[in-house]
Amino acid sequence: MNQYCVVVANGKKARFFTLKNPEKPELESGPNLVKHKDLCSDELSMHNEELWSENKSGGNRGHGGQSHGYDDHRAQHENDVERRFANSIADECKRISHNKRTNVVLVSQKRMLGHLRNAIDSRVHGVHTHELAKDLIKLSPLDLHKHLAREKLIPERRNPAI
């Protein structure tokens with residue numbers, strides 16, 4: 001049942017899942033979320049002191065004591081890094097969901113969800129996307145499955161047929 005590709009991301013990390021039917025549905029519950037891969041953004045995982053030579057710059061003080069603010073473009077840099085990471089996520093999503101009938105479920109914070117939406121739209125064609133604006137990166141696969149099923153984004157797990 002590779003009809004679903006679930007991507008859970010938070011800007012620094014992405015987790016990829018698919019739904020798999022149990023081998024023996026009469027004995028096992030299912031379908032189950034199966035993790036395929038974790039992807040991390042090295043740039044976003046760095047601490048500020050590793051990424052920037054100085055702490056957040058404030059302003060430049062002239063001799064008269066008046067402060068002149070300036071922008072070192074950190075927010076723009078972080079936005080660009082998130083966009084590149086979203087493109088990497090979309091590439092992996094494309095690899096997993098090579099079937100055009102795949103439902104791609106994107107779960108992330110609102111800011112990253114916007115980057116993911118744009119990246120998926122430009123790189124992964126012919127799939128149906130569904131979105132949830134929440135940070136669920138720390139949930140176990142079982143808890144994630146329950147949450148997404150409650151939101152009606154993926155099918156619920158069924159008990160064994162016995």
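Couple of notes before you dig in:
- Any hit, region 26-38, residues being at pLDDT 90 or above, within 13 Å of the chain's Cα centre (by Cα) and more than 18 Å from LEU113 (Cβ to Cβ): yes
- Number of the exception - ASP71 against (1) buried (at least 16 other Cβ atoms within 10 Å of the Cβ); (2) at pLDDT below 85; (3) among the charged types (D, E, K, R): (1)
- Residue in region 145-162 that is surrounded by 16 or more Cβ atoms within 10 Å (Cβ to Cβ), polar (S, T, N, Q) and touching a residue at least 12 places away in the same chain (Cβ under 8 Å) present: no
- Any chance ALA161 is over 19 Å from the mean Cα position of the chain (by Cα) and either under 30 Å from GLU26 (Cβ atoms) or modelled with pLDDT of 90 or more (or both): yes
- Test for LYS152: is it at pLDDT 95 or above and not in a strand (DSSP E or B): yes
- Within region 98-126, being touching a residue at least 60 places away in the same chain (Cβ under 8 Å) and touching a helix residue (DSSP H, G or I) at 6+ places or on another chain (Cβ under 9 Å) holds for THR102, VAL104, VAL105, LEU106, VAL107, SER108, ARG111, MET112, LEU116.
The values are calculated or read from the model by the stated rules, or taken from the named source; none is laboratory data. Just so you know, these numbers come straight off a predicted model, no measurement behind them. Cβ atoms come from the backbone with ideal geometry, glycine included; neighbour counts cover every protein chain shown.
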